[in-house]
Amino acid sequence: MKTRRCKYECVLGTTLVLIALFLCVVRVISFSIPFYAYEYTKNHVSDVVCMSEEDLMDTTIVLFDYIQGNRDSLVIEKEIAGTTREVFTGRELLHMVDVRHLYATSMRVMLWCFVGGCLLIGHSIALQKHARRSIMLFGYKYALLILSFFVVVLTTLAIADFDAFWVNFHYLLFDNELFFLDPNLSILVNMVPDQFFFDLVMAILVGFSCIVLLIGWLLDRPIRKRL
């Protein structure tokens, strides 16, 4: 009974740690300047928004700083189609307030999941020191099985109908419809078109999958006997 309880505790703890790892991957890729530069070139964003590449990247950095709480205002002026004006409209600014709050919440969740998960894993293997490797491997395999189910479901939905997936995702995260932006007026929505978000989701899923497979391999590989 004690061993079974330790195993289930380790499954829960490992699941929480993997959720924290997933959020970490989301953060790293979502704020990757090289990723944005590649996507901007791929989708010809500079031409679409009528901004220079330098101004576009500068706007992106300002956007990152605002979301991460490193600056208080998102008001920024750039030359767009030959006219100097504020880049973002009032609706865009309101939506980014929601995005900023969402980011702060996700970082707190990431920290809570990591700390809570590590404590549960540590407690479970402390009670079963003689079998800590098997306990950890059991916890990892079943936690990975649980998360793999959700990853497969999300990937299938995203590939089948990404537009519907993305809209429903926004409805899940936000309690308003400020995320509906007019592409004829919004610089923001043209900076990150549907193809960008599809590539972002795929990059996150692939990156996370590679990391968890690497961790699984490290846990499962035979222990070499000391000579």
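Quick one: which helices (runs of 4 or more DSSP H) lie wholly within segment 53-165 and hold at least 2 residues that are more than 18 Å from residue 204 (Cβ to Cβ), open to solvent by 30 Å² or more (accessible area, probe 1.4 Å) and among the aromatic types (Phe, Trp, Tyr)?
Because the criterion is at least 2 residues that are more than 18 Å from residue 204 (Cβ to Cβ), open to solvent by 30 Å² or more (accessible area, probe 1.4 Å) and among the aromatic types (Phe, Trp, Tyr), the helices (runs of 4 or more DSSP H) in segment 53-165 that meet it are 132-160.
Restricting to segment 27-39, what's the tally of residues that are in contact (Cβ under 8 Å) with a residue 60 or more places away in the chain and open to solvent by less than 40 Å² (accessible area, probe 1.4 Å)?
Residues in segment 27-39 being in contact (Cβ under 8 Å) with a residue 60 or more places away in the chain and open to solvent by less than 40 Å² (accessible area, probe 1.4 Å): 4 in total.
Test of understanding: among 37, 20, which residue is more than 16 Å from residue 192 (Cα to Cα) and among the aliphatic types (A, V, I, L, M)?
Within the list 37, 20, the selection yields 20.
It is to be established whether one or more residues within segment 193-213 are out of contact with any strand residue (DSSP E or B) (no Cβ under 7 Å at 6 or more places or on another chain), exposed (fewer than 13 other Cβ atoms within 10 Å of the Cβ) and part of a loop (DSSP other than H, G, I, E, B).
Checked against the condition, which is being out of contact with any strand residue (DSSP E or B) (no Cβ under 7 Å at 6 or more places or on another chain), exposed (fewer than 13 other Cβ atoms within 10 Å of the Cβ) and part of a loop (DSSP other than H, G, I, E, B), segment 193-213 yields no hits at all.
Go through segment 1-50 and tell me which helices (runs of 4 or more DSSP H), entirely inside it, have 2 or more residues that are basic (Lys, Arg).
2-30
The values are calculated or read from the model by the stated rules, or taken from the named source; none is laboratory data. Values in this document were obtained by computation on a predicted structure and should not be read as measured data. A quick note on method: Cβ atoms are made from the backbone with ideal geometry, for glycine too, and the neighbour counts reach across all protein chains shown. What goes into the accessible areas is simple: the full protein's heavy atoms, side chains included, and nothing from ligands, DNA or RNA. Shrake-Rupley method; radii C 1.70, N 1.55, O 1.52, S 1.80 Å.
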